[in-house]
Amino acid sequence: MLKRKFFHEFRRHNRSSRWNADAHLRAHERSANVEDDAIMRVDTCQLAANNPIEDFYSAAKCISSRAFLFGVFDGHGGQQCSRHISTNLYPYLCASVLKKHEIGNYPPDQRLEWLFSSSDGHLPNAFKSRETRNIAAYHKEFKKNPNTYTGTVREALKLAFETCDKDLGDNALPNAKGVIDRHAAMVAASGSCCTLAHIRSRHLHVANLGDAAAVLGVVNPNGSVTARQLSRAHCVDNADEVQRIRIAHPASESQTVLRGGRLLGELFPLRAFGDVRYKWPLDLQKVVLEPLGHPPPQHLYTPPYLSTSPEVFYHKLTPNDRFLVLATDGLWEWLDPDTVVRLVHDHTLGTITQQAYVPKSGTTLQQVREQLKERARGEQKTKKPIDENCATHIIRHALGGVSGGATKQYERLIDILQVPPGRARNYRDDITVIVIHFNETFLDGHEEDEE
(Lines give C-alpha, C1' and ligand atoms only; values in the text may rest on other atoms or scores of the structure.)
Protein backbone atom coordinates (compact mmCIF):
# COMPACT_ATOMS: atom_id res chain seq x y z
CA MET A 1 0.00 0.00 0.00
CA LEU A 2 2.81 2.36 0.92
CA LYS A 3 4.66 1.52 -2.29
CA ARG A 4 1.52 2.20 -4.35
CA LYS A 5 1.00 5.56 -2.66
CA PHE A 6 4.62 6.50 -3.25
CA PHE A 7 4.34 5.46 -6.89
CA HIS A 8 1.22 7.62 -7.42
CA GLU A 9 2.89 10.60 -5.74
CA PHE A 10 5.94 10.17 -7.94
CA ARG A 11 3.85 10.05 -11.12
CA ARG A 12 1.86 13.12 -10.07
CA HIS A 13 5.07 15.03 -9.35
CA ASN A 14 6.53 13.89 -12.68
CA ARG A 15 3.47 15.05 -14.62
CA SER A 16 3.54 18.39 -12.81
CA SER A 17 7.23 18.89 -13.61
CA ARG A 18 6.63 18.09 -17.28
CA TRP A 19 3.65 20.45 -17.41
CA ASN A 20 5.76 23.25 -15.91
CA ALA A 21 8.56 22.63 -18.42
CA ASP A 22 6.08 22.72 -21.32
CA ALA A 23 4.46 25.91 -20.02
CA HIS A 24 7.86 27.56 -19.60
CA LEU A 25 8.92 26.69 -23.15
CA ARG A 26 5.62 27.81 -24.69
CA ALA A 27 5.17 31.02 -22.70
CA HIS A 28 6.57 33.19 -25.50
CA GLU A 29 5.72 31.20 -28.61
CA ARG A 30 3.66 32.63 -31.45
CA SER A 31 2.32 31.35 -34.78
CA ALA A 32 0.89 33.36 -37.67
CA ASN A 33 -0.80 32.09 -40.82
CA VAL A 34 0.30 34.67 -43.38
CA GLU A 35 -0.63 32.93 -46.67
CA ASP A 36 0.60 35.82 -48.78
CA ASP A 37 2.91 35.37 -51.80
CA ALA A 38 5.84 33.13 -50.82
CA ILE A 39 5.04 33.10 -47.09
CA MET A 40 2.68 30.42 -45.81
CA ARG A 41 3.17 30.44 -42.03
CA VAL A 42 5.57 31.81 -39.41
CA ASP A 43 6.44 30.21 -36.06
CA THR A 44 8.43 32.01 -33.36
CA CYS A 45 9.58 31.17 -29.87
CA GLN A 46 11.84 32.87 -27.35
CA LEU A 47 13.46 31.76 -24.09
CA ALA A 48 15.21 34.20 -21.76
CA ALA A 49 18.52 33.63 -20.00
CA ASN A 50 19.22 37.28 -19.17
CA ASN A 51 17.02 39.30 -16.84
CA PRO A 52 15.74 41.35 -18.57
CA ILE A 53 16.02 39.49 -21.88
CA GLU A 54 18.35 41.09 -24.45
CA ASP A 55 16.95 39.28 -27.53
CA PHE A 56 14.11 40.75 -29.61
CA TYR A 57 12.37 39.75 -32.83
CA SER A 58 9.89 41.38 -35.21
CA ALA A 59 8.09 40.87 -38.52
CA ALA A 60 6.42 43.34 -40.86
CA LYS A 61 5.35 43.94 -44.44
CA CYS A 62 6.47 46.88 -46.53
CA ILE A 63 3.29 48.07 -48.25
CA SER A 64 5.10 50.05 -50.93
CA SER A 65 7.01 47.01 -52.28
CA ARG A 66 5.08 44.01 -50.87
CA ALA A 67 8.31 42.78 -49.29
CA PHE A 68 8.20 40.89 -45.99
CA LEU A 69 10.75 41.67 -43.27
CA PHE A 70 11.71 39.21 -40.52
CA GLY A 71 14.49 39.87 -38.03
CA VAL A 72 16.14 38.57 -34.86
CA PHE A 73 18.13 41.03 -32.75
CA ASP A 74 20.67 39.86 -30.17
CA GLY A 75 21.58 42.59 -27.69
CA HIS A 76 24.68 42.90 -25.53
CA GLY A 77 25.63 45.36 -22.82
CA GLY A 78 21.91 45.80 -22.09
CA GLN A 79 18.64 45.49 -23.98
CA GLN A 80 18.25 49.13 -25.06
CA CYS A 81 19.87 48.90 -28.49
CA SER A 82 18.33 45.58 -29.60
CA ARG A 83 14.90 46.75 -28.46
CA HIS A 84 15.31 50.02 -30.38
CA ILE A 85 16.58 48.38 -33.58
CA SER A 86 13.85 45.73 -33.59
CA THR A 87 11.21 48.44 -34.10
CA ASN A 88 13.14 51.32 -35.69
CA LEU A 89 15.17 49.60 -38.42
CA TYR A 90 12.12 48.60 -40.47
CA PRO A 91 10.96 52.16 -41.27
CA TYR A 92 14.42 52.81 -42.77
CA LEU A 93 14.10 49.64 -44.87
CA CYS A 94 10.64 50.71 -46.09
CA ALA A 95 12.07 54.15 -46.95
CA SER A 96 14.69 52.38 -49.14
CA VAL A 97 12.38 50.80 -51.74
CA LEU A 98 13.87 50.89 -55.23
CA LYS A 99 12.04 52.79 -57.95
CA LYS A 100 11.40 49.61 -59.99
CA HIS A 101 9.80 47.89 -56.97
CA GLU A 102 7.48 50.70 -55.81
CA ILE A 103 3.80 49.86 -56.22
CA GLY A 104 2.50 53.09 -54.71
CA ASN A 105 3.72 56.50 -53.61
CA TYR A 106 3.20 56.09 -49.87
CA PRO A 107 4.68 58.62 -47.43
CA PRO A 108 7.51 57.23 -45.26
CA ASP A 109 5.37 56.96 -42.13
CA GLN A 110 2.65 54.92 -43.89
CA ARG A 111 4.74 52.24 -45.58
CA LEU A 112 4.91 49.69 -42.76
CA GLU A 113 2.38 47.06 -41.72
CA TRP A 114 3.42 45.22 -38.54
CA LEU A 115 2.80 41.47 -38.26
CA PHE A 116 4.24 41.01 -34.76
CA SER A 117 7.09 42.06 -32.49
CA SER A 118 8.44 41.00 -29.09
CA SER A 119 9.00 44.69 -28.27
CA ASP A 120 6.21 47.04 -27.29
CA GLY A 121 7.82 49.74 -29.41
CA HIS A 122 7.16 52.39 -26.76
CA LEU A 123 9.39 55.44 -27.08
CA PRO A 124 9.34 58.81 -25.33
CA ASN A 125 7.37 61.31 -27.44
CA ALA A 126 10.37 63.56 -28.10
CA PHE A 127 12.47 60.58 -29.15
CA LYS A 128 9.73 59.21 -31.44
CA SER A 129 9.20 62.54 -33.20
CA ARG A 130 12.94 62.79 -33.79
CA GLU A 131 12.96 59.30 -35.34
CA THR A 132 10.08 60.31 -37.64
CA ARG A 133 12.03 63.36 -38.82
CA ASN A 134 15.17 61.25 -39.37
CA ILE A 135 13.33 58.74 -41.54
CA ALA A 136 11.61 61.44 -43.59
CA ALA A 137 14.96 63.12 -44.24
CA TYR A 138 16.56 59.80 -45.17
CA HIS A 139 13.73 58.93 -47.58
CA LYS A 140 14.06 62.29 -49.31
CA GLU A 141 17.81 61.85 -49.78
CA PHE A 142 17.38 58.24 -50.93
CA LYS A 143 15.00 59.22 -53.75
CA LYS A 144 17.22 62.14 -54.82
CA ASN A 145 20.26 59.88 -55.27
CA PRO A 146 20.02 57.99 -58.60
CA ASN A 147 22.72 55.52 -57.51
CA THR A 148 20.54 54.28 -54.65
CA TYR A 149 16.97 54.81 -55.92
CA THR A 150 17.69 52.89 -59.13
CA GLY A 151 20.34 50.59 -57.68
CA THR A 152 20.14 47.12 -56.07
CA VAL A 153 18.34 45.72 -53.04
CA ARG A 154 21.71 44.75 -51.56
CA GLU A 155 22.97 48.35 -51.60
CA ALA A 156 19.63 49.69 -50.37
CA LEU A 157 19.71 47.32 -47.38
CA LYS A 158 23.27 48.35 -46.54
CA LEU A 159 22.41 52.04 -46.71
CA ALA A 160 19.34 51.56 -44.49
CA PHE A 161 21.41 49.73 -41.85
CA GLU A 162 24.19 52.31 -41.89
CA THR A 163 21.85 55.32 -41.77
CA CYS A 164 19.77 53.83 -38.96
CA ASP A 165 22.95 53.32 -36.92
CA LYS A 166 24.27 56.80 -37.73
CA ASP A 167 21.02 58.43 -36.60
CA LEU A 168 21.05 56.25 -33.48
CA GLY A 169 24.47 57.65 -32.58
CA ASP A 170 23.60 61.24 -33.53
CA ASN A 171 20.55 61.14 -31.25
CA ALA A 172 22.91 60.65 -28.29
CA LEU A 173 24.97 63.78 -29.02
CA PRO A 174 24.46 66.96 -26.95
CA ASN A 175 21.84 69.34 -28.38
CA ALA A 176 22.35 73.06 -29.03
CA LYS A 177 22.02 73.72 -25.30
CA GLY A 178 24.55 71.02 -24.42
CA VAL A 179 21.89 68.70 -23.00
CA ILE A 180 22.30 64.94 -23.52
CA ASP A 181 19.27 62.68 -23.96
CA ARG A 182 20.00 59.92 -21.42
CA HIS A 183 17.70 57.39 -23.12
CA ALA A 184 19.37 57.95 -26.51
CA ALA A 185 22.83 57.64 -24.93
CA MET A 186 21.92 54.31 -23.32
CA VAL A 187 20.65 53.01 -26.67
CA ALA A 188 23.88 54.05 -28.38
CA ALA A 189 26.16 52.67 -25.64
CA SER A 190 24.63 49.18 -25.74
CA GLY A 191 24.81 47.06 -28.89
CA SER A 192 22.90 44.61 -31.04
CA CYS A 193 23.61 41.93 -33.62
CA CYS A 194 20.98 41.45 -36.32
CA THR A 195 19.97 38.85 -38.89
CA LEU A 196 17.23 40.07 -41.21
CA ALA A 197 15.36 38.38 -44.07
CA HIS A 198 13.92 40.57 -46.85
CA ILE A 199 11.52 38.48 -48.98
CA ARG A 200 9.85 39.99 -52.05
CA SER A 201 8.00 37.44 -54.17
CA ARG A 202 10.66 34.73 -54.81
CA HIS A 203 13.62 36.96 -54.00
CA LEU A 204 15.29 36.42 -50.65
CA HIS A 205 17.99 38.72 -49.26
CA VAL A 206 19.56 38.02 -45.87
CA ALA A 207 21.40 40.93 -44.22
CA ASN A 208 23.57 40.00 -41.26
CA LEU A 209 25.53 41.78 -38.54
CA GLY A 210 27.25 39.73 -35.85
CA ASP A 211 26.77 36.11 -34.83
CA ALA A 212 23.08 35.29 -35.32
CA ALA A 213 22.39 33.13 -38.39
CA ALA A 214 19.98 32.28 -41.21
CA VAL A 215 19.64 28.72 -42.55
CA LEU A 216 17.52 27.60 -45.51
CA GLY A 217 15.91 24.14 -45.50
CA VAL A 218 16.09 22.58 -48.98
CA VAL A 219 14.30 19.29 -49.74
CA ASN A 220 16.16 16.92 -52.08
CA PRO A 221 14.52 14.66 -54.72
CA ASN A 222 14.98 11.62 -52.40
CA GLY A 223 12.99 13.35 -49.63
CA SER A 224 15.93 14.23 -47.41
CA VAL A 225 16.60 17.82 -46.32
CA THR A 226 19.77 19.88 -46.67
CA ALA A 227 20.85 22.99 -44.75
CA ARG A 228 22.05 25.94 -46.78
CA GLN A 229 23.60 28.70 -44.70
CA LEU A 230 22.76 32.23 -45.84
CA SER A 231 24.92 34.13 -43.36
CA ARG A 232 28.40 34.10 -41.85
CA ALA A 233 29.27 34.88 -38.26
CA HIS A 234 31.25 38.10 -37.82
CA CYS A 235 33.75 37.04 -35.16
CA VAL A 236 37.37 35.95 -34.94
CA ASP A 237 36.45 32.51 -36.32
CA ASN A 238 35.80 34.25 -39.66
CA ALA A 239 39.22 34.76 -41.29
CA ASP A 240 37.83 37.35 -43.74
CA GLU A 241 36.55 39.47 -40.85
CA VAL A 242 39.88 39.31 -39.04
CA GLN A 243 41.71 40.40 -42.20
CA ARG A 244 39.19 43.22 -42.84
CA ILE A 245 39.76 44.69 -39.38
CA ARG A 246 43.55 44.32 -39.43
CA ILE A 247 43.79 46.05 -42.83
CA ALA A 248 41.64 48.96 -41.61
CA HIS A 249 44.07 49.86 -38.80
CA PRO A 250 47.82 50.58 -38.59
CA ALA A 251 50.31 47.75 -38.17
CA SER A 252 51.27 49.28 -34.82
CA GLU A 253 47.87 48.09 -33.49
CA SER A 254 48.31 44.47 -34.58
CA GLN A 255 48.66 43.30 -30.96
CA THR A 256 45.78 45.35 -29.55
CA VAL A 257 43.00 45.53 -32.14
CA LEU A 258 42.08 41.86 -31.55
CA ARG A 259 42.99 40.38 -28.19
CA GLY A 260 41.67 37.18 -26.62
CA GLY A 261 39.34 36.63 -29.58
CA ARG A 262 37.59 39.97 -29.03
CA LEU A 263 37.63 43.44 -30.52
CA LEU A 264 39.99 45.57 -28.37
CA GLY A 265 39.92 42.66 -25.95
CA GLU A 266 36.23 43.24 -25.08
CA LEU A 267 33.62 42.80 -27.81
CA PHE A 268 32.93 39.39 -29.38
CA PRO A 269 30.92 40.36 -32.52
CA LEU A 270 32.93 42.32 -35.09
CA ARG A 271 29.88 44.03 -36.64
CA ALA A 272 26.95 45.45 -34.68
CA PHE A 273 24.47 48.28 -34.23
CA GLY A 274 25.19 50.78 -31.45
CA ASP A 275 28.34 50.08 -29.39
CA VAL A 276 29.55 53.64 -29.96
CA ARG A 277 32.39 52.99 -27.49
CA TYR A 278 34.10 51.26 -30.44
CA LYS A 279 33.10 53.93 -32.99
CA TRP A 280 33.43 57.36 -31.39
CA PRO A 281 36.71 59.21 -30.75
CA LEU A 282 37.98 59.42 -27.19
CA ASP A 283 37.15 63.13 -26.68
CA LEU A 284 33.48 62.63 -27.57
CA GLN A 285 33.16 59.60 -25.31
CA LYS A 286 34.48 61.59 -22.35
CA VAL A 287 31.69 64.15 -22.85
CA VAL A 288 28.75 61.79 -23.52
CA LEU A 289 29.48 58.31 -22.19
CA GLU A 290 31.85 58.60 -19.23
CA PRO A 291 29.38 60.65 -17.12
CA LEU A 292 26.87 57.80 -17.62
CA GLY A 293 29.33 55.16 -16.41
CA HIS A 294 30.60 53.92 -19.78
CA PRO A 295 34.41 54.32 -19.92
CA PRO A 296 36.12 53.94 -23.30
CA PRO A 297 37.87 50.64 -24.10
CA GLN A 298 41.64 50.40 -23.81
CA HIS A 299 43.84 50.96 -26.88
CA LEU A 300 41.27 53.18 -28.63
CA TYR A 301 43.67 54.82 -31.12
CA THR A 302 42.04 54.88 -34.59
CA PRO A 303 38.23 54.53 -34.29
CA PRO A 304 35.89 53.40 -35.67
CA TYR A 305 36.73 49.74 -35.09
CA LEU A 306 33.21 48.36 -35.40
CA SER A 307 31.23 48.22 -38.67
CA THR A 308 27.47 48.46 -39.21
CA SER A 309 27.62 47.53 -42.89
CA PRO A 310 25.78 44.21 -43.20
CA GLU A 311 26.90 41.24 -45.23
CA VAL A 312 24.05 40.54 -47.68
CA PHE A 313 23.36 37.18 -49.33
CA TYR A 314 20.85 36.74 -52.17
CA HIS A 315 18.93 33.58 -53.03
CA LYS A 316 16.15 33.04 -55.54
CA LEU A 317 13.60 30.74 -53.93
CA THR A 318 12.57 27.50 -55.67
CA PRO A 319 9.81 24.97 -54.88
CA ASN A 320 12.46 22.84 -53.13
CA ASP A 321 13.11 25.63 -50.58
CA ARG A 322 10.65 24.75 -47.82
CA PHE A 323 11.55 26.99 -44.86
CA LEU A 324 14.00 29.53 -43.48
CA VAL A 325 15.25 29.53 -39.88
CA LEU A 326 16.49 32.76 -38.27
CA ALA A 327 18.00 32.35 -34.81
CA THR A 328 20.26 34.17 -32.37
CA ASP A 329 23.55 32.59 -31.33
CA GLY A 330 21.93 31.14 -28.18
CA LEU A 331 20.50 28.38 -30.40
CA TRP A 332 23.63 27.64 -32.42
CA GLU A 333 25.58 26.99 -29.21
CA TRP A 334 23.43 23.84 -28.83
CA LEU A 335 22.54 22.70 -32.35
CA ASP A 336 24.25 22.74 -35.76
CA PRO A 337 22.36 23.85 -38.92
CA ASP A 338 21.96 20.29 -40.26
CA THR A 339 20.22 19.16 -37.07
CA VAL A 340 17.99 22.24 -37.02
CA VAL A 341 16.70 21.74 -40.57
CA ARG A 342 16.14 18.04 -39.87
CA LEU A 343 14.12 18.95 -36.79
CA VAL A 344 11.96 21.38 -38.78
CA HIS A 345 11.50 18.96 -41.67
CA ASP A 346 10.52 16.05 -39.43
CA HIS A 347 8.24 18.30 -37.37
CA THR A 348 6.40 19.18 -40.56
CA LEU A 349 6.01 15.49 -41.32
CA GLY A 350 4.70 14.88 -37.80
CA THR A 351 7.62 12.78 -36.57
CA ILE A 352 10.06 13.23 -33.72
CA THR A 353 13.65 13.48 -34.85
CA GLN A 354 16.27 11.17 -33.48
CA GLN A 355 19.98 11.21 -34.13
CA ALA A 356 21.19 9.24 -37.12
CA TYR A 357 22.01 5.68 -36.07
CA VAL A 358 25.75 4.99 -35.87
CA PRO A 359 26.71 1.61 -34.30
CA LYS A 360 29.55 1.65 -31.81
CA SER A 361 32.83 -0.02 -32.64
CA GLY A 362 32.67 -3.77 -31.97
CA THR A 363 28.88 -4.04 -32.30
CA THR A 364 27.85 -7.35 -33.89
CA LEU A 365 25.41 -7.60 -36.77
CA GLN A 366 22.82 -9.22 -34.50
CA GLN A 367 23.13 -6.32 -32.02
CA VAL A 368 22.71 -3.81 -34.87
CA ARG A 369 19.47 -5.54 -35.92
CA GLU A 370 18.12 -5.50 -32.37
CA GLN A 371 19.01 -1.83 -31.86
CA LEU A 372 17.33 -0.83 -35.14
CA LYS A 373 14.19 -2.76 -34.17
CA GLU A 374 14.14 -0.99 -30.81
CA ARG A 375 14.47 2.42 -32.48
CA ALA A 376 11.65 1.53 -34.90
CA ARG A 377 9.37 0.52 -32.02
CA GLY A 378 10.14 3.78 -30.19
CA GLU A 379 9.44 5.89 -33.26
CA GLN A 380 6.09 4.17 -33.85
CA LYS A 381 5.00 4.98 -30.29
CA THR A 382 5.84 8.69 -30.50
CA LYS A 383 5.12 9.97 -33.97
CA LYS A 384 3.27 13.15 -33.08
CA PRO A 385 5.53 16.04 -31.97
CA ILE A 386 4.88 17.38 -28.48
CA ASP A 387 4.76 21.00 -29.72
CA GLU A 388 2.57 22.39 -32.47
CA ASN A 389 4.89 25.38 -32.82
CA CYS A 390 7.95 24.49 -34.87
CA ALA A 391 10.23 27.08 -33.19
CA THR A 392 9.32 25.69 -29.75
CA HIS A 393 10.08 22.21 -31.08
CA ILE A 394 13.60 23.40 -31.99
CA ILE A 395 14.30 24.97 -28.58
CA ARG A 396 12.96 21.84 -26.80
CA HIS A 397 15.48 19.68 -28.67
CA ALA A 398 18.27 22.21 -28.26
CA LEU A 399 18.05 22.12 -24.46
CA GLY A 400 16.60 18.64 -23.97
CA GLY A 401 18.70 16.85 -26.57
CA VAL A 402 17.76 14.96 -29.73
CA SER A 403 18.37 11.46 -28.35
CA GLY A 404 17.39 9.34 -25.36
CA GLY A 405 13.61 9.53 -25.73
CA ALA A 406 11.01 11.79 -24.15
CA THR A 407 11.78 10.80 -20.55
CA LYS A 408 15.46 11.69 -20.80
CA GLN A 409 14.63 14.85 -22.72
CA TYR A 410 12.26 16.04 -20.00
CA GLU A 411 14.87 15.34 -17.32
CA ARG A 412 17.36 17.59 -19.09
CA LEU A 413 14.74 20.27 -19.76
CA ILE A 414 13.54 20.38 -16.17
CA ASP A 415 17.10 20.71 -14.88
CA ILE A 416 17.91 23.58 -17.26
CA LEU A 417 14.62 25.46 -16.91
CA GLN A 418 14.72 25.40 -13.11
CA VAL A 419 17.50 28.02 -13.23
CA PRO A 420 15.81 31.46 -13.30
CA PRO A 421 16.68 34.19 -15.86
CA GLY A 422 19.72 36.09 -14.70
CA ARG A 423 21.43 33.10 -13.12
CA ALA A 424 20.66 31.09 -16.28
CA ARG A 425 23.07 33.33 -18.22
CA ASN A 426 25.91 31.43 -16.53
CA TYR A 427 24.86 28.32 -18.45
CA ARG A 428 23.28 29.53 -21.69
CA ASP A 429 22.27 32.62 -23.66
CA ASP A 430 18.89 34.04 -24.65
CA ILE A 431 17.39 31.99 -27.49
CA THR A 432 15.17 33.43 -30.22
CA VAL A 433 13.96 31.39 -33.21
CA ILE A 434 11.82 32.35 -36.23
CA VAL A 435 10.78 29.65 -38.72
CA ILE A 436 9.34 30.95 -42.00
CA HIS A 437 7.47 28.26 -43.95
CA PHE A 438 7.28 28.89 -47.69
CA ASN A 439 4.28 28.42 -49.99
CA GLU A 440 5.36 25.66 -52.35
CA THR A 441 2.44 26.27 -54.72
CA PHE A 442 3.33 29.96 -55.09
CA LEU A 443 7.02 29.23 -55.68
CA ASP A 444 6.17 26.56 -58.26
CA GLY A 445 4.00 29.01 -60.21
CA HIS A 446 6.43 31.96 -60.24
CA GLU A 447 9.62 30.39 -61.59
CA GLU A 448 9.98 33.07 -64.26
CA ASP A 449 9.68 35.94 -61.81
CA GLU A 450 12.88 37.93 -62.29
CA GLU A 451 14.56 40.39 -59.92
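Miscellaneous remarks
- Interchain or long-range residues, amide H under 5 Å from residue 212's placed H: 194, 329
- Cβ-derived FRET efficiency at R0 60 Å, residue 384 paired with residue 299, nearest 0.05: 0.60
- Taking all protein chains together, 301, 314, 92 sort by accessible area into 301, 314, 92, largest first [probe 1.4 Å].
- Phi-based couplings in Hz for segment 67-75 (Karplus 6.51, -1.76, 1.60; Gly and Pro marked x): 8, 9, 10, 10, x, 10, 10, 9, x
- Summed residue charge, Cβ within 15 Å of residue 147's Cβ, Lys/Arg positive, Asp/Glu negative: +3
- Each peptide in 419-427, 130-138, 38-46, 329-337 gets a packing score, the mean of other Cβ atoms within 10 Å over its residues, and the list from highest to lowest is 38-46, 329-337, 130-138, 419-427.
- Simple label model, 7 Å out from Cα along Cβ direction - residue 246 to residue 427, nm: 3.9 nm
- Cβ-defined net charge surrounding residue 56, 10 Å radius [Lys, Arg +1; Asp, Glu -1]: -3
- Taking 0.36 nm per residue of sequence separation and removing the Cα-Cα distance, the residue 113/residue 137 pair yields an extension gain of 6.6 nm.
- Spin-label pair residue 254/residue 100, simplified geometry with 7 Å Cα→Cβ offset, distance in nm: 4.5 nm
- A simple spin-label model places pseudo-atoms 7 Å from Cα toward Cβ; at residue 224 and residue 237 they are separated by 2.3 nm.
- Using θ = phi - 60° and Karplus 6.51 cos²θ - 1.76 cosθ + 1.60, couplings along segment 307-317 (whole Hz; Gly, Pro as x): 9, 10, 7, x, 8, 10, 10, 10, 8, 8, 5
- Think of a 1.4 Å ball rolled over the protein heavy atoms: segment 50-329 then has 40 Å² of accessible area per residue.
- Rounded to 10°, Cα long-axis angle of helix 2-26 versus longest principal axis of the chain: 30 degrees
- Theoretical FRET efficiency, 1/(1+(r/R0)^6), r = Cβ-Cβ of residue 179 and residue 346, R0 51 Å, to 0.05: 0.35
- With viscosity 1.002 mPa s and temperature 20 °C, the Kirkwood radius over alpha carbon pairs of the chain converts through Stokes-Einstein to a diffusion coefficient of 90 µm²/s.
- Relative to the longest principal axis of the Cα atoms of the chain, helix 80-94 runs at roughly 70 degrees.
- Segment 205-242-segment 54-131 distance, computed between alpha-carbon centres (Å): 23 Å
- Across the chain, C-alpha contacts under 8 Å between residues 6 or more apart give a mean separation that, scaled by the residue count, equals a relative contact order of 22 percent.
- Each peptide among 404-413, 93-102 gets the average number of other Cβ atoms lying within 10 Å of its residues, and from highest to lowest they stand as 93-102, 404-413.
- Amide H contacts of residue 225: 220, each under 5 Å away and 5 or more positions distant or on a separate chain (H built 1.01 Å from N in the peptide plane; Pro and chain starts excluded).
- Our coupling estimate for segment 246-261, obtained by passing each phi through the Karplus curve with A = 6.51, B = -1.76, C = 1.60 and θ = phi - 60°, is 5, 5, 6, 10, x, 4, 5, 9, 4, 8, 10, 5, 10, 10, x, x Hz, Gly and Pro reported as x.
- Surface composition of segment 50-329: carbon and sulfur atoms hold 52% of the protein heavy-atom accessible area at a 1.4 Å probe.
The values are calculated or read from the model by the stated rules, or taken from the named source; none is laboratory data. Quick caveat, the model's predicted, so the values are computed rather than measured. Here the Cβ is made from the backbone with ideal geometry for all residues, glycine too, and neighbour counts use every protein chain on show. Side chains are part of the model used for accessible areas, which takes the heavy atoms of the whole protein and leaves out ligands, DNA and RNA. Shrake-Rupley method; radii C 1.70, N 1.55, O 1.52, S 1.80 Å.
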